[in-house]
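Novice: Submitted below is the structure of interest, expressed as structure tokens.
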Amino acid sequence: MGVLTICSGKSTGVTTLSVAVAAGMPGPAPVLLVEADPAGGDLAARFNLPPAPGLASAAAAASGLDGPRFPAAHAQRLPVGVGALLCASSYRQASASVTHAASSGLLTAWGRDAVVVVDVGRLDAGSPAFPIAAASNVVLLVLRPRWDEAAHAAATVAALREARVDNVGVVLVGDGPLSAKSIGRDLGVLVVLQTRQDRWGAKVFGGELPPGPGWRRLSLARAGRSVAVALHHRLCPPPAAAVGAAGWAAVTRR
């Protein structure tokens, strides 16, 4: 088990993809979605949930005598079946919670008991969430295949490389002038998936529509599961005898 941080250099859509990836993560390990965007959380407003309990209350409880126990009592369940630690919407409260979680190593501790998918929003070297990404097992960048977003992504990748983070991948969303091959070459990372934009899927995973009976067949749901399966062996390594048999998944398109 381990920690997967999802971020961007500039692009939107990180939170929606984070929900889809968490929902698509294969078992048997439990999955925890953590909203750790220092700019402020969106999930409470999107899914009409109370802002607490959440990341702030879980971090406060972990400072007590019991230490960093798995925060099941502080997670709220999203309609797609994911348990999530919500973050306050205000910058001041969100930034304080994220800073505390990053400096205390809480997410790494929680990652011993679950696959922890962390949404940190836009990431640069000065972000309070950067130590979370630097300590993660895998960091996944979300971007559209455009020159401006690739430039921002390059700066984020450079900061992660400087922090000696090697397991960095990319998910491309939508179409643009750049190919997956050129982005992977220029950034020096693997493009885990390229997926088209899914308007209905974005509404379901963004809280605008309730998930219907066939929500798992939505393009975004299938993309989230593809990413989850591609990265699962890095978050939940097989027994020692099997290590090394599988590397990063090949580039796929949905």
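Novice: Of the beta bridges DSSP finds with both residues in the chain, what % are antiparallel, to the nearest 5?
Specialist: The antiparallel fraction comes to roughly 5 percent.
Novice: Across bins of 5 angstrom width beginning at 0, how are the C-alpha pair distances of segment 62-201 distributed, in whole percent?
Specialist: Each 5 Å bin holds this share of Cα pairs: 2, 9, 17, 18, 18, 16, 12, 5, 2, 1, 0.
Novice: Are there any helices in the chain, counted as whole DSSP H runs, that stretch 18 Å or more along their axis by Cα and score at least -0.5 on average by Kyte-Doolittle, and if so which?
Specialist: Length and hydropathy pass: 91-104, 147-162, 219-235.
Novice: Follow-up. Hey, got the dipole for the chain? About the Cα centre, +1 on K and R Cβ, -1 on D and E Cβ, debye to the nearest 20?
Specialist: In debye, rounded to 20, the chain gives about 680.
Novice: While we're looking at this one, here's another question. Dividing the Cα radius of gyration by the Kirkwood radius, what Rg/Rh value follows for segment 3-253?
Specialist: Rounded to two decimals, Rg/Rh equals 0.94.
Novice: Would you pull out the residues with amide H under 5 Å of V142's amide H, same chain only if 5 or more places away, H placed 1.01 Å from N?
Specialist: Result for V142 returns C7, S8, G9, V171.
Novice: Assuming a ≥ b ≥ c are the square roots of the Cα gyration tensor eigenvalues, decide whether segment 52-132 counts as rounded (a/c under 1.5), prolate (otherwise, with a/b larger than b/c) or oblate.
Specialist: Verdict is rounded for segment 52-132.
Every read-out reported here was derived from the displayed coordinates using simple, explicitly stated rules and does not represent laboratory data. Because the structure is predicted, anything quoted here is derived from the model rather than measured. Reconstructed Cβ throughout: ideal geometry from the backbone, glycine too, with neighbour counts over all protein chains shown.
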